[in-house]
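Some notes on the structure that comes next.
The values are calculated or read from the model by the stated rules, or taken from the named source; none is laboratory data. Note that the coordinates shown come from a computational prediction; the quantities given were computed from them, not determined experimentally. Protein only, heavy atoms only, side chains kept; ligands, DNA and RNA dropped before computing areas. Shrake-Rupley method; radii C 1.70, N 1.55, O 1.52, S 1.80 Å.
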Amino acid sequence: MILRFLTILVFWRRVMRTLLRRRRTIYVGDRVAEYRDLWSAAARAIDADFDTLAPGVWEVRSGTRRTRISNDLVQFDDPVVLDLAGDKSFCYELARSLGVPTPEPLTFGKGELARVIRRFPLDRGPYVVKPAKGTGSGVGVSVGVRSRVELANAVALASVHSQRVIVERLVAAETVRLLFLDGRMIHAVRRGGVRVETDGTTSIEQLLAGLTPRPVPIDAFVLETVRQQGRSMDDVPPAGDSLVVRWLPAEVGSSRELRTIYDEEVTNLVSPALVGEVIPLLAALGCRFVGVDLLTNDPTRTLAESGGVFLEINTTPGLHHHCTPSPDGVACDVAVTVLRQLLDRDAR
């Protein structure tokens with residue numbers, strides 16, 4: 001009884017901290033001015049007219065063709081496709097049936113959650129716990145779950161947002177998003193972790209200590225990243241490697257509702273084989289415009305080769321991940337490509 005009370009107390013304290021943190025976080029709905037500039041610059045680049053219809057809603061016209069945009073939302077995929085693609089459990093099952101590696105997810109309904117908290121085996125952790133549907137931007141997601149109390153808190157948080165909860169193996173790898181439009185990858189970005197350049201004489205622990213401008217401390221994120229690569233901190237890797245030693249950036253230490261902020265373009269690194277590995281999934285879903293999120297430390301190889309996994313489909317991919325605001329009003333190539341296709345869609 002005391003353990004249950006303490007679990008509830010800890011959970012609500014964390015919920016309050018989460019709510020306070022969300023108020024300080026910039027979500028896509030806070031980026032209306034940024035998206036207005038992005039779309040209007042793209043319209044100018046193709047000599048199209050750009051008009052405001054309502055706050056955060058715009059119309060772009062080129063001759064008899066037109067399209068309407070609501071901030072980050074565009075007129076490509078219908079509501080049924082979006083509903084299916086936004087169901088993480090469904091997408092995991094579909095990916096698995098197509099041979100695309102996944103983080104071994106298990107989905108539980110609300111009636112099963114009490115049993116999950118009491119009996120779920122934790123020996124293969126750490127785990128990720130997240131809502132099966134209905135959220136984005138890390139909302140309701142907990143990573144690095146190892147203990148029974150952490151599991152109870154994570155399940156409670158996820159169940160606030162969804163009738164179903166997913167528990168899956170944590171894959172300690174960098175997050176890569178592939179942006180697809182009509183079956184073609186048009187851009188790719190990565191949230192880089194901490195990497196060290198190996199010299200064949202220095203241990204991983206020493207390489208971390210020698211990082212500039214400041215050393216990276218050895219924490220649970222580092223230890224798990226190194227462990228999943230079959231290494232230890234005193235290993236001396238061969239020279240010439242760029243080795244991921246922390247799957248998260250050095251400044252990120254949160255384990256709840258962790259947003260993915262992409263900081264590096266990797267379009268030219270992504271191999272055609274990796275693209276080909278996920279295209280059947282998009283074809284089966286019927287998606288036209290999506291972001292495919294993967295966990296991999298090496299996008300030059302397939303997931304099967306690198307030990308990476310498919311993570312989820314982002315049904316309304318935010319272009320702010322792929323476009324850098326220009327003070328001179330220069331159009332983003334990705335936004336121009338998307339806008340051209342939207343207008344071509346209306347011509348068909």
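Accessible area per residue was computed with a 1.4 Å probe on protein heavy atoms; K88 scores about 20 Å². Taking the accessible area of the chain, probe 1.4 Å, and keeping the other protein chains in place, the carbon and sulfur fraction comes to 53%. The largest accessible area among R288, R227 belongs to the first residue in R227, R288, and the rest follow in falling order (1.4 Å probe, all chains). Rounded, prolate or oblate: which fits the range 277-320, taking a ≥ b ≥ c as square roots of the Cα gyration tensor eigenvalues, rounded meaning a/c under 1.5, else prolate when a/b beats b/c? Cα axes put the range 277-320 in the oblate bin.
Heavy-atom accessible surface of C287, to the nearest 10 Å², is about 20 Å², with a 1.4 Å probe and all protein chains retained. Solvent exposure of the chain, expressed per residue, is 48 Å² of accessible area, with all protein chains present and a 1.4 angstrom probe. Using only Cα atoms, locate the centre of the range 269-291 and the centre of the range 224-247, then give the distance between them in Å, rounded to an integer. Cα centroid to Cα centroid, the span is 29 Å. Cα centroid separation, the range 312-348 to the range 88-103: 28 Å. Both radii are taken from the alpha-carbon atoms of the chain; with Rh as the Kirkwood radius, Rg/Rh is 0.99.
Computed with a 1.4 Å probe over protein heavy atoms only, the accessible area of D234 comes to about 110 Å².
For the chain, return all DSSP H helices satisfying: extent of Cα atoms along own axis at least 15 Å; mean Kyte-Doolittle hydropathy at least 0.0. Let's see the in-between values first.
Numbers: long enough: 2-23 (32 Å, 0.46); 32-45 (20 Å, -0.14); 148-159 (16 Å, 0.91); 272-285 (20 Å, 1.89); 333-347 (21 Å, 0.26).
Those that pass (Cα extent of 15 Å or more, hydropathy at least 0.0) are 2-23, 148-159, 272-285, 333-347.
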